[in-house]
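Let me begin by presenting the structure, written as structure tokens, before commenting on it.
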Amino acid sequence: MTPPPPPAPPRRGRFAPSPTGPLHFGSLLAALGSWLLARHAGGEWLVRIEDLDPPREVPGAAEAQLRTLAAFGLVSDGPVVRQSERGALYQAALERLLAGGAAFECHCSRSALAADGGIHHRCRAGGRRDTPAVRLRVPPGSTVAFEDAIQGRCAQDVHAEVGDFVLRRADGYWAYQLAVVVDDAAQGITAVVRGADLLDSTPRQILLQRALGLPTPAYAHLPLVLGADGRKLSKSLAALPVDGDDPLPALRAAWQALGQPPAALRGAGSVPAALAAAQAAFRPERIAPGPVPAPVIVPAHALE
Ligand code: GLU
């Protein structure tokens, strides 16, 4: 008798907000899109709080975001982890990169790099900092190409366009690029679904995965949400917080912004009913790559 095949690794997606303000429509789109794609694949969905940058954080924002997500029926299948508590993991990864020569300490000041458009290709002679930054070495020829499930084939010459990038900042804080790669691997994330504003971070993350010997997950970057003036909605702009007390109108708008047919949710009178209908009717191939306009969300009571 042949032994049964080993169980397939679980499919796992995630939503990883930075607690810089209330959940806005762009974040809801990323949360719902990542949840739907995870469920469509029969997988799990985790929430991770990316609280790495205290100067940009708003006290209480993480709890408010989790409450709003819960009001939309979007609840993590496992414990919610916080990056502020995971420094030891980032430190271990950094030490491996330093020991292998893939990363190096850098004393360059911002002004020293200004002449090269802020791109670091070699350290400039100059002062030494007590706490240098640590960068990943990105040699010439570091072009990374990947297939995005929504945006198609993407490629970036990371050496020319980004240069040696920061893993630990000179102010001692961990850089997003390192933390996200360590956490996606540590949490067994197999599909990274997020807004297209992060598309140009992905080649850096793939380089880091390779340097650390970590698997590369599948990527899907959702369309950007543009403001009425055609400009990108700022992440930290509290301009369009979604209303957790009246979730259905925003849930329907997010569903539609994902290219899905409005009729599928029309009969659903509650969040659980809407999510069940959404899960049943969802087709990933309907998600368009291009930007979507921010919807006008009409509160439910205005329609009564
Ligand atoms: N924390 C990032 C943000 O709020 C998202 C990171 C990611 O999904 O990789 O923009």
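Stretched out straight at 0.36 nm per residue, the stretch from Arg153 to Ala70 would grow longer than its current Cα-Cα span by 26.5 nm. The packing ranking of peptides 129-137, 246-254, 41-49, highest mean first, is 246-254, 41-49, 129-137, where packing means the average number of other beta carbon atoms within 10 angstrom of each residue. The modelled label-to-label distance for the pair Asp171/Ala114, using points 7 Å beyond Cα in the direction of Cβ, is 1.8 nm.
I need the Debye-formula profile for segment 18-64: one equal scatterer per C-alpha, no solvent, reported as log10 I(q)/I(0) at q = 0.31 1/Å, two decimals. Calculated log10 I(q)/I(0) at the listed q: -1.10. Comparing Cα centroids, segment 251-304 and segment 1-58 end up 19 angstrom apart. When peptides 274-283, 187-196, 113-122 are ranked by their average number of other Cβ atoms within 10 Å per residue, the highest-first order is 187-196, 274-283, 113-122.
Counted residue by residue at 0.36 nm each, then reduced by the alpha carbon distance between them, the extension gain from Ala145 to Ala8 reaches 46.7 nm. Taking Lys and Arg as +1 and Asp and Glu as -1, the other residues whose beta-carbon sits under 9 Å from that of Val162 total -3. Charge tally around Gly33: other residues with Cβ under 14 Å, Lys/Arg +1 each, Asp/Glu -1 each, net +2. Note on Ala160 and Ala280: the model spin-label points, each 7 Å out from Cα along the C-beta direction, lie 5.2 nm apart.
If the chain linking Ala288 and Gln187 were pulled fully straight, counting 0.36 nm for each residue of separation and taking away their Cα-Cα distance, it would gain 33.5 nm. Each of Leu98 and Gln256 was given a label point 7 Å from its Cα along the Cα-to-Cβ line. The distance between the two points is 5.3 nm. Ranked for footprinting exposure by Cβ neighbours inside 10 Å, fewest first, Ser109, Ser84 give Ser109, Ser84. Volume per residue for the chain equals 170 cubic angstrom (convex hull of Cα atoms).
Amide H to amide H distances under 5 Å link Ser18 with Glu50, where only residues 5 or more positions off or on other chains count and H is placed in the peptide plane.
Across the chain, Cα pairs under 8 Å and at least six residues apart give a relative contact order of 22 percent. The listed peptides 288-295, 63-70, ordered by packing as a protection proxy, come out as 63-70, 288-295 (highest mean of other Cβ atoms within 10 Å first). Only beta bridges with both residues in the chain are counted; by DSSP, about 50 percent of them are antiparallel.
Each value in this text was obtained by applying a stated rule to the coordinates, not by laboratory testing. These numbers come from a predicted model, not from an experiment. Backbone-built Cβ (ideal geometry, glycine too); neighbour counts: all protein chains shown.
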